[in-house]
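Take a look at the structure below.
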Amino acid sequence: MNKETILKEIRESLVEMEEEKVVELCEKTLELNIPAYETITEGLIPGMDEVSRLYEEEEYFLPEVLVCSDVMNAGLDIVKPHLDKSSMQEPIKVVMGVVEGDTHDIGKNLVRIMMEASGMEVHDLGRDVPLERFIEKAEEVNADLIGMSTLMTTTMDGMKTVIDRLSERNIRNKYKILVGGGPISQNFADRIGADLYTKDASEAVRRVKEIFGRA
């Protein structure tokens with residue numbers, strides 16, 4: 001089995017949710033001395049990209065995405081210890097959470113899963129996150145992007161508060177700001193000065209990659 005064939009099989013098996021096969025194929029790549037970085041960037045990540053496309057086109061739904069994510073992580077567990085760190089780009093660092101006052105986190109969780117599957121380093125603060133915590137964590141981990149979501153109109157203004165506090169401290173330009181959730185719109189994002197607004201998880205990942213030149 002040559003490199004192109006095995007990487008293609010990894011992609012297809014991931015999409016088909018065949019965890020045992022993906023693990024077996026990832027072990028095979030190590031036996032064939034295929035660099036772990038290539039297995040990730042040409043096998044696992046493109047497989048998850050295809051899952052994102054299927055989700056976007058409503059052929060796959062949240063349960064399928066979650067299973068595929070588990071399959072990808074099983075493959076990553078096999079090859080990650082063999083990574084040549086010098087071959088890896090610095091990951092995009094994301095701090096994300098549901099703003100204070102809201103506990104609806106399914107959408108946020110899906111974005112996190114998609115981002116992690118795309119190789120981003122995600123620091124998930126969870127739900128009902130105190131507004132100051134977004135800034136504290138972003139400063140602590142030297143984040144590239146702060147992502148905020150809400151499904152409630154009553155908590156939307158918390159997003160503006162975070163952006164305003166960043167501006168007050170003269171650190172607004174350090175971070176890209178991503179906002180999303182049911183009541184959020186492009187108009188609202190523009191009004192509060194956010195950099196990115198997306199309606200779904202796969203679009204969020206694609207737009208973030210574009211803005212950081214990783215598309």
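With a Förster radius of 22 Å applied to the C-beta separation of ASP190 and THR154, the computed FRET efficiency comes to 0.60. Report, to the nearest whole %, how much of the accessible area of the chain belongs to carbon and sulfur atoms, 1.4 Å probe, protein only. C and S fraction of accessible area: 45 percent.
Can you put PHE212, PHE188 in order of accessible area, largest first, using a 1.4 Å probe?
On the way: PHE212 60, PHE188 5 Å².
Largest to smallest exposure gives the sequence PHE212, PHE188.
Pairs LYS3/LYS108; LYS174/LYS199; LYS176/LYS199; LYS137/LYS160; LYS108/LYS137; LYS137/LYS176: which are spaced more than 26 Å apart, C-alpha to C-alpha? The pairs that break the limit, which is 26 Å between Cα atoms, are LYS3/LYS108.
The gain in end-to-end length when the ILE106 to ASP84 segment is fully stretched comes to 4.5 nm, 0.36 nm per residue minus the alpha carbon separation.
Keeping every protein chain present and rolling a 1.4 Å probe, give me the accessible area per residue for region 56-215 in Å².
On the way: 7870 Å² over 160 residues.
I get 49 Å² per residue for this part.
Show which aspartates and glutamates lie in cross-link reach of LYS80 when reach means a straight Cα distance below 18 angstrom and same-chain residues fewer than eight apart are skipped. Correct list for LYS80: GLU19, GLU20, GLU24, GLU27, GLU31, GLU38, GLU42, ASP70, GLU90, GLU116, GLU121.
The slack in the chain from GLU57 to LYS199, taken as 0.36 nm per residue of separation less the alpha-carbon distance, amounts to 49.8 nm. Of the residues VAL141, MET17, ILE106, the one whose Cα sits farthest toward the positive end of the charge dipole of the chain, with +1 on the Cβ of Lys and Arg and -1 on the Cβ of Asp and Glu, is VAL141.
For region 100-201, the fraction of C-alpha pairs more than 24 angstrom apart is 13%. With the convex hull of its Cα atoms as the shape, region 3-86 has an orientation-averaged projected area of 5.1 nm². Along its principal axes, the chain has C-alpha extents of 57, 37, 24 angstrom, given from the largest down.
Starting from the exponent 0.38 and prefactor 2.2 Å, build the expected Rg for region 47-89 from its residue count and divide its actual Cα Rg by it. All intermediate terms of the calculation are to be shown ahead of the outcome.
Numbers: Rg = 13.1 Å, N = 43, 2.2 N^0.38 = 9.2 Å.
With N residues counted in region 47-89, Rg over 2.2 N^0.38 Å equals 1.43.
The values are calculated or read from the model by the stated rules, or taken from the named source; none is laboratory data. Worth saying up front: this structure is predicted, and the values here are computed from it rather than measured. Positions of Cβ are backbone-derived with ideal geometry, glycine not excepted, and every protein chain shown enters the neighbour counts. Side chains are part of the model used for accessible areas, which takes the heavy atoms of the whole protein and leaves out ligands, DNA and RNA. Shrake-Rupley method; radii C 1.70, N 1.55, O 1.52, S 1.80 Å.
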